[in-house]
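Notes follow once the structure below has been shown.
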Amino acid sequence: MPGLRLESVGNAVLAPLDLTLAPGEAVAVLGPSGAGKSTLLRIVAGLLPHRGRVFLGNEPMTGRAPHRRPIGYMSQDLHLFPHLSVAGNLHLPLLFTGLSRAERTARVAQTLKTCAIAHRATRRPAHLSGGERQRAALARALVRGPRLLLLDEPFSSLDPTTRRTLWREFDTLRRAAGMTALIVTHDPEEAAALADRTVTLRAGELHEERTTPPCFSSTTRRCAAC
Amino acid sequence: MRALSLLAWAPLALIVATILGALAALALHLPLATLTAALADPETHFALALSLRTSLAALLIALALGVPSAYLLARRRFPGKAVVETILDLPMVTPPLVAGIGLLFLLGRDGPIPALGREMLFAPAGVVLAQAYVATSVVTRSARAAFGAIDPGFAANAGTLGLPPFWAFLLVEVPMAGRALLSAAILGWARALGEFGATLMVAGATRFHTETLPMAIFLNIASGRTDVAIACALVLLGLAFALLLAIRLLAGERADPMTEAPDARLAA
């Protein structure tokens, strides 16, 4: 059973493409600006109409509303809700999960701790640093325990040191949870650090697939040259 | 240089002085004892009570109709949208008397819905109708600007986090537009409180029946009872000042409703 399967998925921007992710596999989508990378993620998240079919495991997602998909999506702009604290941003996705308030509070606390942002739980997004905002957005995407994680240029606006730290932390976290992930980036180094496999989108077409470059250690997920 | 600097302040000083001058002239026109008696007059009390009741009812109608309409206008594209938006703005630029005549003919004996007209015309319900007519336009326009300023990506993101569209609207977009929506409501309420022309046409000017504060000013000036007219004018001014001050005070940050956490900046 695949983690994610796309069959002839496309729209006005994206040529029909097929892509399969194994359960627990992370695939990076590389490509220049305007290639359709974010469009692909938005289609999988259910935010854009499209042709073709999307499956999560064997479950068809096509035509299913975004809020009914067991997916965690972290957009490039993060879109942390400014009127809520970091903890509030994590509480909101749990409102319709059937968990009691105590269970929600415990889940939020655990996720904040896992993403190393618990010390900023009461802060509003406007009062966080760039790295803290990324951690908060990642925690929010993870809090419902999604089966698939969609990350759009997740750490693009950070300084190199913070980026590498977050790459390592995210990779460890994702592997521990066995989570399937589709990650959009324009940075080959980021793709190699976060993903098991890389595909390239150019002018709306899927051009090549390759595995992580050998310079990246399979255990530390770090480039020997970094 | 100093003369130039003084010159730059002159227009502002002139505007403020004119407003304060008019207010002071109004407030100081009557001896304090006469003013106090006029403020205690049953007619002033009736006008104040009717104004508050009708304007609040009009505000509720304006919010119920204006907020969803504003959201639709801010988020959806449809053929003829520019024409619809222009029509919605019309009540703000049309003289209220003209709007009142239109409503009178619409609901009158020869209009398409005379049955409704029998209930509303020259009755307190007509006051509500006239006030709602102008307040809805103000609320819709302000709320549309409020929703338009919010990146639709927030609602889309809320959807991917498991929030159904209605709840994403209620828990994300409405709070994000919260202060602007509250300002829209206050502006709409202020406009309803001060409505005169359309009310005169639709509800008439009958003492102790359709006598709102502006109507009381009109009736008492016309009949020479300037004391009650001035008392009503001062009450209207006081209400308008309080409403405008409320808008200014809305700048304060509120606690997070999801966690009831104290303001993070204070805690930090």
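Just so you know, all these numbers are worked out from the coordinates, no wet-lab data involved. In this text the structure is predicted, and so the values were computed from the model without any measurement. Note that each Cβ is placed from the backbone with ideal geometry, even for glycine, and that neighbours are counted across all protein chains shown.
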- Task: Give me the distance in nm between label points sitting 7 Å out from Cα along the Cα-to-Cβ direction at A:Ser129 and B:Leu106, one decimal.
- Result: 5.9
- Message: If you take each beta carbon of peptide A:84-91 and count the beta carbons of other chains within 10 angstrom, what is the mean?
- Response: 6
- Computed E for B:Leu65/B:His209 - FRET, C-beta separation, R0 35 angstrom, nearest 0.05: 0.85
- Item | Positive-end residue of B:Thr54, B:Thr44, B:Pro91, charge dipole of the range B:1-125 with Cβ unit charges | B:Pro91
- The distance between the Cα centres of the range B:1-56 and the range B:76-99, in whole Å, is 32
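For the peptides A:113-121, B:190-198, what is the packing order when you average, over each peptide's residues, the other Cβ atoms within 10 Å and list the highest mean first? If you can, show how the numbers build up before the last one.
Numbers: A:113-121: 18.8, B:190-198: 23.2.
Peptide ranking by packing, descending: B:190-198, A:113-121.
Given 0.36 nm per residue, what is the gain on full extension from B:Leu97 to B:Lys81 after removing their alpha carbon distance, in nm?
Values: separation 16, 0.36 × 16 = 5.76 nm, distance 2.71 nm.
Result: 3.1 nm gained on full extension.
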- Calculate the spin-label point distance for B:Ala115 paired with B:Ile247, positioning each point 7 Å from the Cα along the beta-carbon direction, and give it in nanometres. 4.1
- State log₁₀ I(q)/I(0) for the range B:53-169 at q = 0.13, 0.22 Å⁻¹ as given by the Debye formula over alpha-carbon point scatterers of equal weight, solvent excluded. -0.63, -1.22
- Message: For the range B:139-218 and the range A:14-36, what is the centre-to-centre distance using only Cα atoms, to the nearest Å?
- Response: 45
- Task: Please work out the FRET efficiency for the pair B:His29 and A:Asp77, using the Cβ-Cβ distance as r and a Förster radius of 56 Å; give the result to the nearest 0.05.
- Result: 0.45
- Would you list the membrane-span-like helices of chain B, meaning whole DSSP H runs whose alpha-carbon atoms span at least 27 Å along their axis and whose mean Kyte-Doolittle value is at least 0.5? B:2-27, B:42-75, B:124-148, B:226-249
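Sort B:Trp189, A:Trp167, B:Trp167, B:Trp9 by Cβ crowding within 10 Å, fewest neighbours at the top. Working shown, then result.
Working: B:Trp189 24, A:Trp167 21, B:Trp167 16, B:Trp9 9.
Going from least to most buried by this count: B:Trp9, B:Trp167, A:Trp167, B:Trp189.
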- Message: Can you tally the net charge around A:Ala22? Count Lys and Arg as +1, Asp and Glu as -1, for every other residue whose Cβ sits under 12 Å from the Cβ of A:Ala22.
- Response: 0
- Which FRET efficiency value, to the nearest 0.05, is calculated for B:Ala49 and B:Leu12 with the Förster distance at 30 angstrom and r the Cβ-Cβ distance? 0.20
- Note on the structure: In whole percent, the Cα-Cα distances of the range A:84-146 spread across 10 Å bins from 0 upward as 26, 58, 15, 1
- Note on the structure: Per residue of A:71-83, other chain Cβ atoms within 10 Å number on average 5
- Per 20 Å bin, what is the whole-percent P(r) computed from every C-alpha pair distance within the protein assembly as shown? 19, 38, 27, 15, 2
- Message: Over chain B, what is the relative contact order in percent, taking alpha-carbon pairs closer than 8 angstrom and at least six residues apart?
- Response: 27
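Per residue, how big is the convex hull of the range A:71-212 when only Cα atoms are used? Give it in Å³. Kindly include the intermediate steps, with their values, before the conclusion.
Details: hull volume 16.7 nm³, N = 142.
Per residue, the Cα convex hull of the range A:71-212 comes to 118 Å³.
For chain B, build the convex hull from the C-alpha positions and give me its volume per residue in Å³.
Working: hull volume 61.2 nm³, N = 268.
Spread over its residues, the Cα hull of chain B gives 229 Å³ apiece.
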